[in-house]
Amino acid sequence: MQFLRCVSQISRNGGRLFLSRQLDSFLIANSSHLLGDSTHKVFNRRETYSWSFSALHGFKQQIHHQSSSLIEEPLDPFSLVADELSLLANRLRAMVVAEVPKLASAAEYFFKMGVEGKRFRPTVLLLMATALNVHIHEPMPNGVGDTLGAELRTRQQCIAEITEMIHVASLLHDDVLDDADTRRGIGSLNFVMGNKVAVLAGDFLLSRACVALASLKNTEVVSLLATVVEHLVTGETMQMTSTSEQRCSMDHYMQKTYYKTASLISNSCKAIALLAGQTTEVAMLAFEYGKNLGLAFQLIDDVLDFTGTSASLGKGSLSDIRHGIVTAPILFAIEEFPQLLAVVQQGFDKPENVDIALEYLGKSRGIQRTRELAAKHASLAAAAIDSLPETDDEEVRRSRRALVDLTQRVITRNK
Amino acid sequence: MQFLRGLSRISRSGLRLFLSRQLYPFPVANSSQLLGDSTQKVFNHKETYSWSLVDSHGFKQQIHHQSSFLIEEPLDPFSLVADELSLLANRLRATLVSEVPKLASAAEYFFKMGVGGERFRPTVLLLMATALNVHIPEQIVGDTLAAELRTRQQCIAEITEMIHVASLLHDDVLDDAETRRSISSLNFVMGNKVAVLAGDFLLSRACVAVASLKNTEVVSLLAIAVEHLVTGETMQMTCTSEQRCSMEYYMKKTYYKTASLISNSCKAIALLAGQTTEVATLAFEYGKNLGLAFQLIDDVLDFTGTFASLGKGSLSDIRHGIVTAPILFAIEEFPQLRAVVQQGFDNPENVDIALEYLGKSRGIHRTRELAAKHASLAAAAIDSLPETDDEEVRKSRRALVDLTHRVITRNK
C-alpha cells in the first residue's frame, strides 16, 4: 500500500520521480526542466525515499484516474508551483522598479517579501499552463522541444506577472476609494504614503503591465487583459454608484462580483490557453474554470466576513456590511425576510442596523444558501477541467487534479 | 497678385478647391473624404471665389515650397481639422456620459478641457496623420483602406485625450493633510473618489481602445507615455531641494509630464500608417520638441501673462513652489536666488524677491530662446520628411510647421 501510494506513473521524459507524501513540500515541479541541473542537486540533498531512475523508465503503473482521490497522493496545489512562484516574484520585483525613489517604493510595496498575499491567482495560472500543456510527440532533438516549451512557459509566466500587477494596481486604487487603513496585514499604501502616491503607483503598475503585455506580441491576449482592466473599473463603479434598488438585487451583485473578482482570473486563464495555441473550445473551458472558481471564492469570502473562522455568525470582521456593502448572504436573507429590505436600504451607518441585519441573517438560510451557491460554482469549475481533452502525461494530469483540488479548497477554507 | 494669392495647386483627387484668404475660417478639411456629400454642399453655400473644377486638373502652379511663408495662403492649423475634431469630441463625450451617470462632475471637467482649449494634442495628431499619408494608387480600394487607417489614427487622438484627462484627474487627488485643511472636507473626499474613479474609467477605456488597434507596438508606446506621466508627476512631488534647482532635472520632468505623451502618440500615428522607423522617429522628434517648446512658453506666460512685463501672470507655478525654467536661468546669473528658492515660497515675500531677481536677469529671455530652439527642431523634423507631391499632405505639413511658430508666439 505504501509502495502504491508512493509510486506514480513515471513521465515520458523519464527523469523525474514523484516522491512520497513526506516530501510533499519538496518540489519535483513542472519547473524541473527550467531548473535544469538544480533538480538533480535537489534530489541528491533531499531525498529520503529514492528509486533508481533507469529501471523505472518503462514503468507505467497507472494509479488513478483524473478525478478519483481514493488512493491518490494528496496534492498541495500551491507547492506544485512554489519554486516557479519565487522566480516570478523576483522577476516581478525587477519589473516594477522605477526611476523615482518614492514611486519605486510605492510600486514595490505589495510585492515585498512576505506581503505577497495568498499568491492565489499566479498559482492557478501556472497550474493551468501545465494542465493545458500540449506535448510534441515526434521525437524532436531534445533541445528544440525543450526550448519551445521553455519559451512558451516564460510567456505564460509573464501572464501571471501581468495579472498580479493589474490586481495590485486595483487594490491600491480601491484602498484610496475605501479610505482603507490596512491591507494584507500592513498599513495600506495610501495610509502610509498618501492618496496621491497610491493612485500614481497604481497607474504606474498598470502601465508596466501594459508594456509587458505588448511584449507578448499577441493582440488577442492584449485585448483580453484590457477587458479585464475595464471590468475591474466597472465593478468598482457599480459598487460605488449603485442605487438602493440595485444594491438589493442578486443579479446586480453577481454581475458586480464577476467584474470585480472573477473576470481577472477567467480572462487570464483564457490567455494562458491562447498562448499555448489551444482551440477555442479549450480556451473557453479554461475561461469557465477561472470564472467559476473566482465566483466561488468571492461567495465564500462573503460568508467568512460574517462567520470568521468559526461556523457561527458575527465572529467575522463584518467589514463588508459596515462599509455598506451588501453581499450574497444578506441578499438571500432578504428573500426570506422582506422587512430586512427596508433596513438595508436605510444603510449601515447606524450600528443598530448592523445588529438587526445580523439577527435576520441568523434566522434565515442566507449563509447556507450562499455556501450552496459557492459549491455549485466550484463544481462547475471542476467540471470544466474534467472536460479538457484526455491526456496521458502525468504532469498534465497532476496539474489538472490540483486545479480540481483548488475548487474544493476554495469552498472549505476557513480564512 | 490676388489670383496668385488665391490659387493653389489643385490636388490629384481633383474635387477640392483651396479657397481664398477671405474664406479663411472655412475648413476645407482633410476630412472631406469622410464628410462626403456635405463638402459639396459646403462649397455651394460658402464660395465667394470659385474656379472651374474641370480643366484645372492638370494645373500645377507651384506657389510655394514647404516652409516659405511669403505668398502662401495663411493657414489656420486648427480649422484644417476642426470638423474631424468635433466628430472625435462628440464620440468621447457620448461614451463618458452614458456609461457612468454619477461621474458627471468628472465629465464636466473633461468637457471644460475641450471647450475654450485649443484641443491642441488631437489637432497635432490629426495633422500628423495627414502629413504622413502614403497614397494608395488604386482609387476605390484606396479610399476604403485610407478611411480605415484614418479611423485608427483618430482613435489614437481619442486615446491620447483620454490618457491626458485621466492624468489630470489623478494629479488632482489630494492627500489627507490637504483634505483635512479644507472646510468642507467631505467634498474633498468625495472629490478624491470621483477623481480616482473617473481617471480609472478613462484609463480603462484607453486600454480597450488601444487593444482594438491590434498593434502591440502602439500599445507599448502609449503605455510608456502613461508611465512617463506618472513618473513626471512624482518627480515634481518628491524632488529634493537640489533637484528642484537643476535645469537637467527640470527638462527631464518636463519631457515626462508634457512632451512624452505627444511625442509617443505622434510616433504611434506614424507606425499605424506603416511608415519606416526613420519617419516614425521624425514624427516623435516633432512631438517631443513641440511639447517642450509649449511648456517653456507656458512657464514664461505664468510670469508675464498677456503682457511682456513681469508679474502680470498668474504666478501659480511659483506660488505652488514649482520652480520653472525662467527662475532656473535666473539662478545661474544670481546664485543668491538659490537660497531663496530652497527656502520655498510659502512665504509670499520670497515670491517678490524671486520676481525681482528674475526681472534683473535674462531668465525670461533665455527661456524664450530655448523654446524657439525646440520649436525650430520640431519644424526641422517636418522638413526632413520624405518629399511628396500631394497638396493635402503638404498643407498639413505646413500647418504643423505653423504650429511650431504659434506655440512660441502665443500670449496665452
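Worth pointing out:
- Restricted to the range A:214-315, the set of helices (runs of 4 or more DSSP H) holding at least 2 residues that are away from every other protein chain (no Cβ under 14 Å), closer than 19 Å to A:ASP386 by Cα and of a type outside the set (Ser, Thr, Tyr) comprises A:263-275, A:280-307.
Listed here are the residues, each with its yes/no results for (1) outside any helix (DSSP H, G or I); (2) closer than 26 Å to B:SER314 by Cβ; (3) of a type outside the set (A, V, I, L, M).
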| position | (1), (2), (3) |
| --- | --- |
| B:ALA379 | no, no, no |
| B:ASP389 | yes, no, yes |
| B:GLU392 | no, no, yes |
| B:ALA399 | no, no, no |
| B:ILE408 | no, yes, no |
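- At least 2 residues being at pLDDT 90 or above and within 14 Å of chain A (Cβ to nearest Cβ) is the threshold, and among the helices (runs of 4 or more DSSP H) wholly inside the range B:89-198 those reaching it are B:139-171.
- Residue list for the range A:309-345, restricted to those being without any contact (Cβ under 8 Å) to a residue 60 or more places away in the chain and under 25 Å from the mean Cα position of the chain (by Cα): A:SER310, A:ALA311, A:GLY316, A:SER317, A:LEU318, A:SER319, A:ASP320, A:ILE321, A:PRO329
- Of residues in the range B:272-284 being within 23 Å of B:ALA375 (Cβ to Cβ) and of a type in the set (A, V, I, L, M), the one surrounded by the most Cβ atoms within 10 Å (Cβ to Cβ): B:ALA283
- So A:VAL229, is it free of Cβ contacts under 8 Å to residues at least 60 places away in the same chain, in contact with a helix residue (DSSP H, G or I) (Cβ under 7 Å, 6 or more places away or on another chain) and aliphatic (A, V, I, L, M): no
Residue by residue, here is whether (1) out of contact with any strand residue (DSSP E or B) (no Cβ under 7 Å at 6 or more places or on another chain); (2) surrounded by 21 or more Cβ atoms within 10 Å (Cβ to Cβ); (3) farther than 23 Å from A:ARG183 by Cβ holds:
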position	(1), (2), (3)
A:ALA286	yes, yes, yes
A:LEU293	yes, yes, no
A:ASP301	yes, no, no
A:LEU304	yes, no, no
A:SER317	yes, no, no
A:GLN345	yes, no, yes
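The values are calculated or read from the model by the stated rules, or taken from the named source; none is laboratory data. The structure presented is a predicted model; accordingly, all values stated were derived computationally and were not measured. Virtual Cβ from ideal backbone geometry, glycine too; neighbours counted across all protein chains shown.
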